[in-house]
1. With the crude spin-label approximation of a point 7 Å out along Cα→Cβ, what separation in nm comes out for Arg361 versus Glu421?
2. Just the Kirkwood number for the chain, please: inverse of mean 1/r across all distinct Cα pairs, in Å, one decimal.
3. Using only the Cα atoms of the stretch 100-254, build the gyration tensor, take square roots of its eigenvalues as a ≥ b ≥ c, and label the shape rounded, prolate or oblate: rounded if a/c is under 1.5, else prolate if a/b is larger than b/c, else oblate.
4. Give the value in nm², to one decimal: projected area of the alpha carbon convex hull of the stretch 56-136, averaged over all directions.
5. If you average the alpha carbon positions of the stretch 428-451 and of the stretch 286-326, how far apart do those two centres end up, in angstrom?
6. Could you state the angle between the C-alpha long axis of helix 247-256 and the longest principal axis of the C-alpha atoms of the chain, as a value from 0 to 90 degrees rounded to the nearest 10?
7. Under 30 Å Cα to Cα from Lys21, which lysines show up? Leave out anything in the same chain fewer than 8 places away.
8. Classify the stretch 309-398 from the C-alpha gyration tensor, please: rounded if a/c falls under 1.5, else prolate or oblate depending on whether a/b exceeds b/c.
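The values are calculated or read from the model by the stated rules, or taken from the named source; none is laboratory data. These numbers were taken from a predicted model, which means no experiment stands behind them. All Cβ positions, glycine included, derive from the backbone under ideal geometry; neighbour counts span all protein chains shown. Calculation scope for accessible area: heavy atoms of the full protein, side chains included, ligands and nucleic acids excluded. Shrake-Rupley method; radii C 1.70, N 1.55, O 1.52, S 1.80 Å.
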Amino acid sequence: MRAPTGAVTIRGVAAPPWKIKVVEPIALRPEPLRRRALLDAGFNTFLLRSEDVFVDLLTDSGTSAVSQEQRAAMELGDEAYAGSRSFFRLEAAVREVYGFRHVIPTHQGRGAEHLLAKALVKPGQLVPSNLYFTTSREHVELAGGVWVDVSIAEAIDPESTHPFKGNLDLAQLERVLAAAAPERIAYVRVEACVNMAGGQPFSLANLTGVRELTRAHGVPLILDGTRLSENALFIKDREPGESERTLPELIAAIAALTDGAIFSSKKGHFVPIGGLLAVNDDGLAQAARELVVIYEGFPHYGGLAGHDLEALAQGIREATAEPVVRHYVSQSAHLASLLLERGVPIVVPVGAHAVFLDAKRFLPHVPQDEFPAQTLAAALYLAGGVRSMERGIVSGQHGTDPYTGLELVRLTIPRRVYTQEHLDYVADVVTEVYARRELLPGLRMTYEPAHLRFFQARFEPRAAFLEAASAPAATAIDG
Ligand code: P70
């Protein structure tokens, strides 16, 4: 069947606009080995070895499949230290797709966040944003800045079906901007498809409102465009009056409302490594170029190889192809619909790049200070070799501040990598753990790193976890 956009859909799911040419073997380890692996990893899925994982939904970061066009472009990589042809091809792609005048490549997204924070944030300055992202906030705070959440209330309500939970609360933003002198605001940050809210988009109308406020108060507006293509697709599908615009038009329209952007290109640009800082202001670009030589490399490569720059330039163009974006967004929707049918509590509406399980409703008997999302992520691995990521108190708690926010497990869909069969299997594993959820005890943290603790923290179970999590259903999976 052909959808109005020309994309093929199969039983409601957008068909993949590609076929597979190169494959990577994967296997489900026997259950005793999964137990061993989970113990060795201190119940933290970041610390598992990938060979011990069957379906890896830890992240969509650096895990996308490259296209044949990207591989072909990589052969043209110009590895010159300075003045590389590959840099100028990258610059042309960014100007064509996003319209930003200055492009500074970095090794990945946090490299760009680091440069931006160093260039724009002075001690005591505020950065209002829709929710936060861990590395984005960390760099602002390391520069002495203060993060201010101005997201709408629905952003942290996993059951609200608001179509644009990534919106900023304009009244609250206006209050923050009005209460502070313009020089006390470093910049306003808007994240596309807000990761920590479940991959939720902002609307074009809301971004236009944010732009008006930042103009009126004379402060820069910076986009985290890491998942911009998906946000543009949600605008096309959900926002009244936007359905006739093409994806490239919407992407360009969003970028044009901002003064600059950072991108973790490891997601929507389909590259294993790479990031970008792209801005219009000459002075800001100059400041960033002075910093990039200290932290990343010469401004014409910024920590990347010439072949990485080529893959990135090609990936930026592929990220505007509606059938490509629609396919992976519809993979999240497919997995979500299977889980909803089976009564599993997930965040709605389904986000861009992942399905988020609501661990508070999944494991209501595990109090938040016993890490329900971490517990659930460990149980999913044990039950079926499925790796997911905690997005709750372990990653969200700020120092010793009390944390009562979202408690989610992210099942992230790498782009162009897994088939519908893999996703159906994941739905079965989640359903089996859901059937045994009452048996799962919480965890205790045994090692807590000082920064971004979720990456390397270690845990131990409060009661007989391994037995509870790997009851008969897991044996059935093993055959
Ligand atoms: C993920 C990754 C990275 C990211 C992002 C947004 C909206 C910036 C970045 C940083 C990887 C990750 C990072 C920290 C904690 C967990 C996972 N998100 N902005 O899996 O970019 O990783 O390239 O430095 O989502 O969501 P980078």
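1. Result for the modelled spin labels: 3.2 nm.
2. Computed over Cα pairs of the chain, the Kirkwood hydrodynamic radius comes out at 22.8 Å.
3. prolate
4. Quarter of the Cα hull surface area: 8.2 nm².
5. What the calculation gives is 37 Å, centre to centre.
6. Between helix and principal axis, roughly 60 degrees.
7. Lys266, Lys267
8. prolate
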